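*Asks:* Handing you this structure, nothing more for now.
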Amino acid sequence: MARTKESLVLLLDISPSMHNHLQDVARTVSILVKRKIFFNKSDELGLVLFGSEEANNDLQKEVGGYESVAVKRPIRVVEEDLLEYLSELPRGRAQGDFLDALVVGMDLLIKKHGAGMKGNKVNKRLYLITGARSLIKDPDEGTKEDQVDVIANQMKEHGMKLDVVVLQQRISGLASSNIFHENVSLLKRFSKRAQAEVLIVESPVSLLSAVKARNISPVTLFRGDLELTPMIRVKVWVYKKTIQERVPTLKKYSEKAPPNDSFASREVKMDFEYKSREDPDKTIPPEQRIKGFRYGPQVVPISTMEEDTLRFKPEKGLKLLCFTDTSNVPRHYYLKDTNIIVPEPGNTMAILAVSAVARAMEDTKKVAIVRCIWRQGQKQAVLGLLTPNLSSSENVADSFYLNVIPFAEDIREFPFASFNDFPPSQQPNDSQQEAADNFVRMFDLAPPGREEILQPELTLNPVLERFYSSLDAKLRNPDADVPPVDDLLMRIVEPDPEIVSENEFALNRFCSQFQLKVNPKKDKMSKRFWRDKAPLSEEVGKDDSVDLQSDISFESLAARKVEEVGGLTPVQDFEAMLARRDSDEWVPKAIREMKKLISDLLDNSYNGNTYSKALDCLLALRSGCVQQEEPMGFNNFMRELAIKCRSKRLNDFWELIVSKNLTLINKGEAADSDVTEEEAKAILAEGNAGRAPDQPPEVDEMELLLGEVV
Amino acid sequence: MKFFRLPSTGIFTFLFPAAILLKIFPLSFCTRAERRRTNDSIPFAYKLQLMDLESDDLFRDEDDEENSNFSQDKEATKEFVVYMIDAGRDMFLQIKEEDDEKKRPHFSTVVKCILESLKTRIINSDNDEVAICFFNTREKRNLQESEGVYVFNVREGEDLDRPTARLIKDFSHVEDNFENEIGSQSGIIPGSRENPLYSALWVAQGLLRKGSTRNVDKRILLFTNNDDPFGSADPGVKADMRRTTIQRAKDAQDLGISIELFPLSRLGEEFNISIFYADMLEFENEELTQFMPTVAEKFEDLTNQLRKKIYKKRVVRKITLMVADGMSIGLSTYALIRPALTGKITWLDSVTNKPLKLERSYICADTGALVTEPLKRFQTYQNEKIKFSLDELSEIKKVTSVPLRLLGFKPLHCLKDYHNIRPATFLYPSDEEISGSTCAFIALYRAMLRFQKYGVAFYGNTRSPQLVALLPQEEVTSSSGQIDPPGLHMIYLPYSDDIRRSEKLHMSMDGPVPRASKEQIDKATAMIKKLELREFSVYQISNPALQRHYAILQVLALDENEDLPETKDETMPDEESMQRPGIAKAVQEFKDVVYGSNYEFEVITNTKGDEASKKRKALTDVAVKEVGNYNWSKLAETQKLQNLTVVELKYYLTAHNLPLTGKKEVLINRILTHLER
């Protein structure tokens, strides 16, 4: 079903107190714009700046006042042009009166979509980003609070939602702080009287993450009774609370259609056929197929009908099994993303019942175990853990979080040696422990009185952001490289330099207390991840051409500071580069250069005179990629090579590859590989294809909701 | 008393799974439930269930993209296990259990226990091979023709083979005819030079000869309650027997076979490991004191014990935790909890029951040409087709090259209940690659416990880089062993993109929403107290769908006309007990204060389901009626199907019970396909 489109007015504070942060604000808004263009491209967006010295708005012209509010972009469909505009936000010199701005924003929405709830075919939303440092003018009559109430009522009446992000800056000064507190309490007043959400952020990272860019219409996973006992059933609805958002699944690109054909869909369709193993030409039609399940060495066929009649068929429902101590279900048992159980909206008794039980659970430190069958026909039962979620806002009802917990079959226990039983040499001594204590205490991400850093709610996914930025960059320039991770978002990936420098002493002391030494013998095996079984030694031994590696000690490799893979001794250069540890760059570089060298060798080949060298290089590349856990680097190259060998009539070289049994790197050799052993070999046979199963097919919202249903 | 302590060298056995293992497993584990087992007012009790379905495959999670990393050594490694069971007379003594009056000989407990473990193995580790070998038997059955050793097997299959449904079935009846067919014998017969323990080790070693130790873990699991196997031997040969048996065990271990002892209780005395087994398994004196074995009294003990031991502990991955530039701590990761699924489906030809091969081809949608797997992907954005190479896509996900980077610490209360997206991973220090890791890890771990904090780190794996919480797990031991191991649980945290404000969807805008009064909360507390299960543990509840699935498989695999055994759905509440007066009263009181005493709950009917099916039926009726108004084959021939509306097309599909999904072209194609036949 089509989502109702959203009409959003952005209200940005550009008054002097915001000047230092305008860039961050612009970045935040551009994230919002990019995601909107991607997900909800029919949404509309208007832009209003306040605290600006130029006034430009209808109200000012019509009724006067509203001097520092400028409508920069009337409400219309989101477009790229906004991004350019955002990069040069002006610096205003006037006071940023957010109440004025709100009124102007509401006026825009009403003029665009009509008054009252009639304009309900769109979701009307106001998005206010402010420093809340400017003094709000006293209204002509009544108090500021009264004015807030009037505005809030209007919002409610016209069905508008409000999101406020307050950027809190650590500025001293009593006057300024008084204004700030007054403003914040004014803003919070909105959330009691209208559908408003106020978020106070401190760091730019949080600001960046505060924006809920993507609008998802929530779907209930379940509506029905929470059956405490057969005697008492509380009406509840169940929603998702967390659900992992992934990089969108991209379509496969076909290059077959002529490049200038603008109507070409460029899509690649996949066709699946089940064939008999004995007779590869025989295709088995779907109705002749039957599911088989492994049972020990046997494969037991079960027809769909048998399966349907015999299988576990639970009745839809949400039933309480028992209450128990919180400690009986430890935190690490939580299996999946979290749901939330809310009382049926508007049902006072359900709200009270949930509230009473939740509060009693909180008081007595109990949790509840429930059996969840979300819908009729569900094939699995789900074991859920209810924990109370007492609402902090008086407008929001109490609810329960529901986490999926494991069944007996899902748990495996291993014994681990007690730390107390380690020999004294592996136990920290007093000064080491003290250093660790200090370190843990000082390196605090949630110090009292300050914003909690890296709060999941305020931590944007850097990968997603990078994907959308990259998409945008490629729109402008199809050959654009993948942009680096946003420097602000690197604070999610790496420690905040500010905290590090604040606590340098504790950190250094901790580090200096422990002698951590990399075991060089193992280290040779792999640079970043170590495995207990490295197949390398046997792999290498198999082929003479790469044997020279074993003669070179780690030290001698590392000693040679090779910086490129040359044509003279490519294998040695390559290996020496892999062994360099002074930077992370060497491994990708070595692989890249090796690939290029191989391609060059083949391109310049005359009667196959370079084949043997190219083959040696390829072998070295393979073992290097296995060793460095970069199977995809090799596998993708092999696939390209397979195509190249066919098209460029290099098939004699491919025959060499086949004769050396040079397959793709399979999962057994490097876990990150995308192919199984069998699939890895397939490349030889076909010279093409042989790819592993694709990314999981796109899952729609409902399926995600019913994630438990198999 | 101290229990389960690995010898100091023991920790390295985790790191070198293929290394020789000398371990003894006193029956020292109990579940949370047992730990808290009390006899006081529990409103209703769940029976502790047997672990039918301990899983292995599920811990490899190949479906989960991120977790495919976790599968590293699964393919390469399998286990060959010989269950070596003492069938001496003592094993058949009736042991009276404390809490119930039932008597069950040890032998029976062991058989039942192994049965459970076999079932688990059959389901989860396709490639594991097992053999069952009794010693101290009257009859003999083994390749070496040794006296007193009986290798149990079924007609088909080798002695050491993958477990089959048949083996399980036959083994479950082994007790019925044991005395007749195999026979028990009391250890060494005075005057005889036969040494069944020695022979059994020799036979087991023979069974384990196949396969290389490089990719197979070979284990002997030894079940006995006789701590003095040579007690009855003649003094003249006793020392010799002892020496040769120890030598035999040593030889086996030198061949990479690990021997694990499961001591069972003696009648009226402790199993004294120092009499013989400590020497056989080469324990030093000081280690011995740490290894005071508890004896298995009950079936549960042994099951729990075996459950922990059924698989070799496997490191999923080795990673380093980077604390600061130049300081990294080596870690091993373990997957302790992963949802179990019904196994992978193999498609078969229903005529021959032979497995089918899936062939995939790529077709260019524009030209219809067969293409090779494309290396480029695209995304439509702003009406442009934006192309990405596979390398670029993986580059996007590669935001860091550091596997695990510590970012700081937070107090425990910052970790909310909804900060979860997938099963946690367990971290334990390892000195293998970076010496000194264990020491630094322990220091951090203890500091975190002391200050009630958890670590926040960035997990930079290339599939799904994520923020994680490193939650310290305090070691919990009970009088019977370790319950929770010490280490860190790595909990995957959501990003802001992943969290929804669902509770605020139904925000009240007309003033505050009602909150429960003190009285209501008090009544709720009273009700909770009545409905409380103090000893709850997730071990009590097995997955009903899985149980059912494997019960079906087992019956079908045996291919006998047997009735499907009942599988109990342990997820169902004990509604009967819930109606008991004491509980009912508390529930009623709660109901009265919240809903009022006159409130009647609607009778639950599946009205919705009924309505839906009625509606569906009505639609079908309409479709059947309407479908007659069109000449479908003619429409198809003249290619006029295109002119019909989707609604009209669906008449046909509904009337013929075909799927209704897809776009118009798909529907038309479906109709055409259907018409052709």
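*Asks:* Please state which one of A:L310, A:L320 is surrounded by 20 or more Cβ atoms within 10 Å (Cβ to Cβ) and within 7 Å of chain B (Cβ to nearest Cβ).
*Replies:* A:L320
*Asks:* Could I ask something else about it? So, in region A:33-69, exactly how many residues are among the hydrophobic types (A, V, I, L, M, F, W, C), under 16 Å from A:L99 (Cβ atoms) and in contact (Cβ under 8 Å) with a residue 12 or more places away in the chain?
*Replies:* Adding up the residues that qualify gives 6.
*Asks:* Next question, about the same structure. Every residue in region B:485-515 that is open to solvent by less than 30 Å² (accessible area, probe 1.4 Å) and at pLDDT below 85, please.
*Replies:* Within region B:485-515, B:S502, B:M507, B:S508, B:G511 qualify.
*Asks:* Look through A:T249, A:T283, A:T304 and report the one residue that is more than 7 Å from chain B (Cβ to nearest Cβ), surrounded by fewer than 20 Cβ atoms within 10 Å (Cβ to Cβ) and modelled with pLDDT of 85 or more.
*Replies:* Every option except A:T249 fails the conditions.
*Asks:* Let me ask something else. Among the helices (runs of 4 or more DSSP H) contained in region A:628-710, which hold 2 or more residues that are at pLDDT 75 or above and at negative phi?
*Replies:* Passing ranges, in order: A:631-647, A:651-659, A:677-686.
Here's the yes/no breakdown for (1) farther than 27 Å from A:P447 by Cβ; (2) touching a strand residue (DSSP E or B) at 6+ places or on another chain (Cβ under 8 Å); (3) open to solvent by less than 20 Å² (accessible area, probe 1.4 Å):
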position: A:P462; (1), (2), (3): no, no, yes
position: A:A473; (1), (2), (3): yes, no, no
position: A:V482; (1), (2), (3): yes, no, no
position: A:D486; (1), (2), (3): no, no, no
position: A:I499; (1), (2), (3): no, yes, yes
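A quick yes/no check of all residues on (1) modelled with pLDDT of 70 or more; (2) among the β-branched types (V, I, T); (3) part of a helix (DSSP H, G or I); (4) within 20 Å of B:P196 (Cβ to Cβ):
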| position | (1), (2), (3), (4) |
| --- | --- |
| B:R243 | yes, no, yes, yes |
| B:D251 | yes, no, yes, yes |
| B:L267 | no, no, no, no |
| B:F271 | yes, no, no, yes |
| B:L302 | no, no, yes, no |
| B:Y311 | no, no, no, no |
| B:T320 | yes, yes, no, no |
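*Asks:* Next up: Filtering region A:343-370 down to residues that are among the aliphatic types (A, V, I, L, M) and either open to solvent by 10 Å² or more (accessible area, probe 1.4 Å) or touching a helix residue (DSSP H, G or I) at 6+ places or on another chain (Cβ under 6 Å) (or both), which residue is nearest to B:L427 (Cα to Cα)?
*Replies:* A:V367
*Asks:* In addition: Can you tell me how many residues within region A:384-408 are within 7 Å of another protein chain (Cβ to nearest Cβ) and part of a strand (DSSP E or B)?
*Replies:* Total meeting the criteria: 5.
*Asks:* Also: Quick check on my filter: what residues within region B:428-460 are polar (S, T, N, Q) and surrounded by fewer than 20 Cβ atoms within 10 Å (Cβ to Cβ)?
*Replies:* Hits for region B:428-460 are B:S435, B:Q452.
*Asks:* Do you know which residues across region B:498-522 are facing another protein chain (nearest Cβ under 7 Å) and of a type in the set (S, T, N, Q)?
*Replies:* Answer for region B:498-522, where residues must be facing another protein chain (nearest Cβ under 7 Å) and of a type in the set (S, T, N, Q): B:S502, B:S508, B:Q520.
*Asks:* Still on this structure, I have one more. Which residues, counting only those in region B:543-582, are of a type in the set (S, T, N, Q) and part of a loop (DSSP other than H, G, I, E, B)?
*Replies:* B:N543, B:N561, B:T567, B:T571, B:Q579
*Asks:* Give region A:409-436 a look and list any residue that's at the interface with another protein chain (Cβ under 7 Å from one of its Cβ atoms), out of contact with any Asp or Glu (no Cβ under 6 Å at 6 or more places or on another chain) and not in a helix (DSSP H, G or I), or say none.
*Replies:* Answer for region A:409-436, where residues must be at the interface with another protein chain (Cβ under 7 Å from one of its Cβ atoms), out of contact with any Asp or Glu (no Cβ under 6 Å at 6 or more places or on another chain) and not in a helix (DSSP H, G or I): A:I411, A:R412, A:E413, A:F414, A:P415, A:F416, A:A417, A:F422, A:P423, A:Q427, A:P428.
This table checks each residue for (1) buried (at least 19 other Cβ atoms within 10 Å of the Cβ); (2) more than 27 Å from A:K156 (Cβ to Cβ); (3) β-branched (V, I, T).
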| residue | (1), (2), (3) |
| --- | --- |
| A:V25 | yes, yes, yes |
| A:Y66 | yes, no, no |
| A:R73 | no, no, no |
| A:L102 | yes, no, no |
| A:M106 | yes, no, no |
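*Asks:* What residue, among those in region A:440-452 that are at the interface with another protein chain (Cβ under 7 Å from one of its Cβ atoms) and out of contact with any Asp or Glu (no Cβ under 6 Å at 6 or more places or on another chain), is most open to solvent (accessible area, probe 1.4 Å)?
*Replies:* Within region A:440-452, the match that is most open to solvent (accessible area, probe 1.4 Å) is A:R441.
*Asks:* Another one. If a residue has to be open to solvent by 50 Å² or more (accessible area, probe 1.4 Å), in a loop (DSSP other than H, G, I, E, B) and within 7 Å of chain B (Cβ to nearest Cβ) to count, how many in region A:262-277 make the cut?
*Replies:* Total satisfying the criteria: 1.
*Asks:* Return a yes/no flag: does region A:216-224 have any residue that is open to solvent by less than 40 Å² (accessible area, probe 1.4 Å), under 27 Å from B:R422 (Cα atoms) and within 9 Å of another protein chain (Cβ to nearest Cβ).
*Replies:* yes
*Asks:* Answer yes or no as to whether B:R377 is loosely packed, with under 15 Cβ neighbours inside 10 Å and either facing chain A (nearest Cβ under 7 Å) or over 21 Å from A:A682 (Cβ atoms) (or both).
*Replies:* no
*Asks:* What number of residues within region B:523-533 satisfy the criterion of being surrounded by fewer than 22 Cβ atoms within 10 Å (Cβ to Cβ) and more than 7 Å from chain A (Cβ to nearest Cβ)?
*Replies:* Total meeting the criteria: 3.
*Asks:* Out of the residues in region B:330-348 meeting the condition of being at the interface with chain A (Cβ under 7 Å from one of its Cβ atoms) and in a strand (DSSP E or B), tell me which one is farthest from A:F510 (Cα to Cα).
*Replies:* B:L348
*Asks:* Just for region A:217-238: of the residues that are among the β-branched types (V, I, T) and outside any strand (DSSP E or B), which one is modelled with the lowest pLDDT?
*Replies:* Restricting to residues being among the β-branched types (V, I, T) and outside any strand (DSSP E or B), the top hit is A:V219.
*Asks:* If you don't mind, there's one more thing I want to ask. Among the residues of region A:368-381, how many are at the interface with chain B (Cβ under 7 Å from one of its Cβ atoms), within 30 Å of the chain's Cα centre (by Cα) and part of a loop (DSSP other than H, G, I, E, B)?
*Replies:* 3
*Asks:* Further question on the same structure: Considering each of B:S108, B:S184 in turn, give the residue that is modelled with pLDDT of 80 or more, open to solvent by 10 Å² or more (accessible area, probe 1.4 Å), among the small types (G, A, S) and out of contact with any His (no Cβ under 8 Å at 6 or more places or on another chain).
*Replies:* It is B:S108.
*Asks:* If a residue has to be at pLDDT 90 or above, farther than 29 Å from A:D337 by Cβ and not in a helix (DSSP H, G or I) to count, how many in region B:516-535 make the cut?
*Replies:* Total satisfying the criteria: 1.
*Asks:* Keeping to region B:555-568, report how many residues are surrounded by 15 or more Cβ atoms within 10 Å (Cβ to Cβ) and more than 7 Å from chain A (Cβ to nearest Cβ).
*Replies:* 3
*Asks:* Which condition number does B:H413 fail, the rest of (1) surrounded by fewer than 22 Cβ atoms within 10 Å (Cβ to Cβ); (2) touching a residue at least 40 places away in the same chain (Cβ under 8 Å); (3) more than 7 Å from every other protein chain (Cβ to nearest Cβ) being met?
*Replies:* All conditions pass for B:H413, except number (2).
*Asks:* Let me ask something else. Considering only region A:454-481, how many residues are of a type outside the set (S, T, N, Q) and more than 7 Å from every other protein chain (Cβ to nearest Cβ)?
*Replies:* 8
The values are calculated or read from the model by the stated rules, or taken from the named source; none is laboratory data. Source: prediction; values computed, not measured. Glycine also receives a Cβ, built like all others from the backbone with ideal geometry; neighbour counts cover every protein chain displayed. Just the protein is used for accessible areas: all its heavy atoms, side chains included, with ligands, DNA and RNA removed. Shrake-Rupley method; radii C 1.70, N 1.55, O 1.52, S 1.80 Å.
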